[in-house]
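First the structure, in the form of structure tokens, and then the observations on it.
Here, each number is a calculation from the coordinates, and none is a lab measurement. Predicted, not measured: the structure shown is a model, and the values here were computed from it. Neighbour counts are summed over all protein chains in view; Cβ atoms, including those assigned to glycine, are modelled from backbone coordinates with ideal geometry.
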Amino acid sequence: MAEQLLENGDPIEVNGVVIRTPGLSGRVDVLRVEAEGTRSMRAAEASTSALAGALRGTRTIEQLTIELSETRETEVAAETARRDRHDDASIEVTVPAPGDQYGQFLLASDENGVVSWHLPVLEDNSVDDTRGAVTRTYVVPRRVMEARAGEAETRGIMGAIGKKVLKVIVFPLVDPLIGAVGDFFVKKWETRNRPYGLRTFTPGNYQRTSGEAIEGEAWDGLSAGKALLFVHGTFSRASSAFAGLDFDTMEALYDRYSGRVFALDHPTCSDDPADNVKWFLSQVPASARLDVDIICHSRGGLVSRELARANAPGVRVDRIVFVAAPNAGTILADSKYMGDFIDSYTNLLQAFPDNTVTDTLEAIITVVKQLAVATLKGLDGLQSMLPGGPFLQQLTAAIPQNPNYFALSSNYEPGSDSPTSIRIADGVLDKVFKQSNDLVVPTDGVYKFGSGSLIPTARLHVFDGNDQPPVHTQFFTRDRTRQSILQWLA
């Protein structure tokens, strides 16, 4: 039974959940999971197959769903609202703790489908990882922004848009296949679910999760002339990172390199780029003589630079095309903004869904699990992108004097036809970056690193203004990206 929210900030309790909404009017209902594997019809309608599949795949359990409807912001007592990590007025929700054997987090979606992940917090907004507590408290954005005509019927990873949906998720603190959720949990998960691999990357298989393994005589073929290597970025695999490339472009590249095209799949959250390259080189037989060009996306740019600077016997890196690479890092890798990092990727999935949504969500949920127990240990892959951090300092100090580098970067600003969820997410991230960006990486950080710009204008394209700048995950859907790649690798 829905209850009326109290805009004066007084707490109300509904079905065991206490909620404070200073400055927000509307109605609230709490839908509990009735038994393992069952829940009310309304709660079931709030999930889509992508999210449900990811939750199942990561052994998490939906404890309850909180629905806020007919919400409207008012000025009454708004100054008493609790502030979130961005110092914005928020909703405070206190829910039953899951018990000593479980962890817990909250996944929220607002009226326009903006998705955010939340960890239980103490009064100072630090993560609450105490055991044995009776309740846990979450601080959730309070904003209400009307969707434009036609958007209210849109469905995303959280279901129908038009209300605030807060899902309280629990998970066992000991995974039966991986072990305890704590230090290095993500590393154990990636070892099992996102292992290293070198695979063929052809016009016929580049959008599939796997290709033929590069081993044995395949190295002789790759050594027979210039080869092309694809290196993906955070949370992804080669098949998802480069799926936006069209068949004609892939066929042209495949013909140009006489079939010598392959891809590196690798852990991106736990192992840093030096670890990724160490594994790559361990697979190259002593007899191989690789002469490679590289197309890389996002964090894959750091892996590519590390491979180039390794100067390993039998491996020569010639041209590198950086696509949205954090060559100067991204502030989102700072522990203070890690929530914004995973929120940004999730909202990109929400606004631009594809058949890899569940795959990526599973990786994100795994990171959230580890963050929920208040540890960053073993997240070296993510923290390698920290501006001024130890990895980037070391990498930048070893920049080759005459690198054959090219870059594609974006100054994304939402247009009139952009989804409302992305317009809101862009506003939040602009506050974090305080400079132009593509929602994940700073615009000029793709091509300016070290002591200055390493990539001349002739080898650079920055999407800006009327050039339809893509968001971080959409570069390969742009004709200009495809044209530039073919031109630079001619």
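Computed over neighbours whose Cβ is under 13 Å from that of ARG85, the net charge equals -3, Lys and Arg +1, Asp and Glu -1.
Near ILE365: Cβ cut-off under 15 Å, other residues only, Lys/Arg at +1 and Asp/Glu at -1. The net charge is +1. Using a Förster distance of 22 Å, how high is the FRET efficiency between ASN205 and LEU486, based on the Cβ-Cβ distance and rounded to 0.05? Given R0 = 22 Å and the Cβ-Cβ separation, E is 0.60.
Note on LYS226: lysines with a C-alpha under 22 Å away, same-chain residues under 8 apart excluded, are LYS278. Here r is the Cβ-Cβ distance between ASN466 and LYS278 and R0 is 56 Å; the resulting FRET efficiency, rounded to 0.05, is 0.80. Looking at region 92-149, none of the chymotrypsin sites (Phe, Trp or Tyr not before Pro) sits in a DSSP loop with at most 11 other Cβ atoms within 10 Å of its own Cβ. Annotation: extensible slack from ALA213 through ARG131 equals 25.0 nm (criterion: 0.36 nm per residue apart, minus Cα-Cα distance). Extension gain, LYS377 to ALA458, is 25.0 nm, computed as 0.36 nm per intervening residue step minus the present C-alpha separation.
Residues HIS86, HIS297, arranged from fewest to most other Cβ atoms within 10 angstrom of their Cβ, appear as HIS86, HIS297. Counting neighbouring beta carbons within 10 Å and listing from fewest to most, the residues ASP467, ASP479 come out as ASP479, ASP467. Modelled this way, with points 7 Å down the Cα-to-C-beta line, the labels at GLU70 and ASN193 are 4.0 nm from one another.
Once you reduce region 345-362 and region 219-234 to the center of their Cα atoms, the two points are 27 Å from each other.
Rounded to the nearest 5, what % of the DSSP beta bridges within the chain are antiparallel ones?
70
Our helix-only sum for the chain, with -39,500 (n - 2.57) per DSSP H run of n ≥ 4 divided by its residues, gives a mean residue ellipticity at 222 nm of -7500 deg cm²/dmol. Over 30 Å, how big is the tail of the calculated P(r) for region 188-488, in percent of all Cα pairs? When every Cα pair of region 188-488 is considered, 26 percent fall beyond 30 Å.
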